[in-house]
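Structure first, then comments.
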Amino acid sequence: MGELTASLAHEVNQPIAAAVTNANTCWRWLTRREPDLDEAREAVSRVVKDATRAAEIISRVRQLFKKGAPQRELVDINEIIREMIVLLGGEASRYSVAVQTELAPDVPKVMGDRVQLQQVLMNLMINGIDAMKEADGTRELIITSQQAEAQELMVSVSDTGVGLPTQHSDEVFNAFFTTKLHGTGMGLSISRSIIESHGGRLWAAGKATRGAIFHFTLPTS
Ligand SMILES: Nc1ncnc2c1ncn2[C@@H]1O[C@H](COP(=O)(O)OP(=O)(O)OP(=O)(O)O)[C@@H](O)[C@H]1O
Ligand SMILES: [Mg+2]
């Protein structure tokens, strides 16, 4: 969270500074002897855009800290996967994405925060769908669960999208790293901190063919 707080200040400061600049510009166009309303309107619409961006970032962070103490209950990860598939079914079919699962029938339950784990799956699945929106060819989102080691289960989310951004594949977990026009770049950073708070790991890999695959583990004892 330390890194998050540091980059948060920087990230929110940028649109706010831009908004101040644009507000000043707007004020100058309005207070000239002959006010230029067109220029003023344009400047003020940039203010709206900047301020909205800052508000988006703040609301995303607030969501992250909204829940007080994390809940701990025994959760069935397969059930969470199935729930999220139902929830994101509309989004998937809108972009012609076929969702498949290979769920190990007897994975042990994990001690965890159901809502947080749902959030992780949602972030990974939406990222996968996003990565396929522009890609040609088959669009498959495959979610698997399996017993990884004696007291560990592993969930994988694989897509056939554009693949991890070359040269930045290590940075995708950094807070605010995004290649999307309207992305906050917080999804993976939040997801990793959730999984680590559960005693697991979250990482990404490229695929030999195309697309990306994300894995996370959770302790089961
Ligand atoms: N499945 C994927 N395939 C290809 N690139 C990905 C994938 N998942 C993440 N990335 C890359 O990692 C970046 C960071 O992802 P992250 O989820 O943290 O933020 P985001 O999706 O850009 O924004 P947000 O989650 O706030 O909507 C993405 O912008 C994208 O470049
Ligand atoms: Mg995301």
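The values are calculated or read from the model by the stated rules, or taken from the named source; none is laboratory data. Keep in mind it's a predicted model, so treat the numbers as computed, not measured. Remember, those area values only see protein heavy atoms, side chains included, never the ligands or the DNA or RNA. Shrake-Rupley method; radii C 1.70, N 1.55, O 1.52, S 1.80 Å.
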For the chain, longest principal axis from Cα atoms; helix 187-197 axis from its Cα atoms; angle between them, nearest 10 degrees, is 50
Connecting every pair of Cα atoms under 10 Å apart in the chain and solving the GNM, the largest mean-square fluctuation among Leu37, Leu117, Leu103 falls on Leu37
Exceeding the 27 Å Cα-Cα cut-off - candidates Lys109/Lys133; Lys133/Lys207; Lys109/Lys180: Lys109/Lys133; Lys109/Lys180
The stretch 1-146 pair-distance distribution - Cα-Cα, 5 Å bins, rounded %: 2, 8, 12, 11, 12, 12, 12, 10, 7, 5, 4, 3, 1, 1, 0, 0
For the chain, accessible area per residue (1.4 Å probe, heavy atoms of protein chains only), Å²: 56
Out of every Cα pair in the stretch 73-219, what percent are spaced more than 29 Å from each other? 11
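Keeping all protein chains in place and using 1.4 angstrom, which order do Ile57, Ile85 fall into by accessible surface area, from largest down? It would help to have the intermediate numbers written out before the result.
Details: Ile57 0, Ile85 40 Å².
Largest accessible area first, the list is Ile85, Ile57.
Can you run the Rg to Rh ratio on the stretch 2-66? Use alpha carbon positions and the Kirkwood inverse-distance Rh. If you can, show how the numbers build up before the last one.
Numbers: Rg = 15.1 Å, Rh = 13.0 Å.
Rg divided by Rh gives 1.17.
I'd like the carbon and sulfur percentage of the solvent accessible area for the chain, probe radius 1.4 Å, heavy atoms only, ligands and nucleic acids excluded. Could the numbers behind the result be given before it?
Values: 6670 of 12400 Å².
Heavy-atom surface of the chain belonging to carbon and sulfur, 1.4 Å probe: 54 percent.
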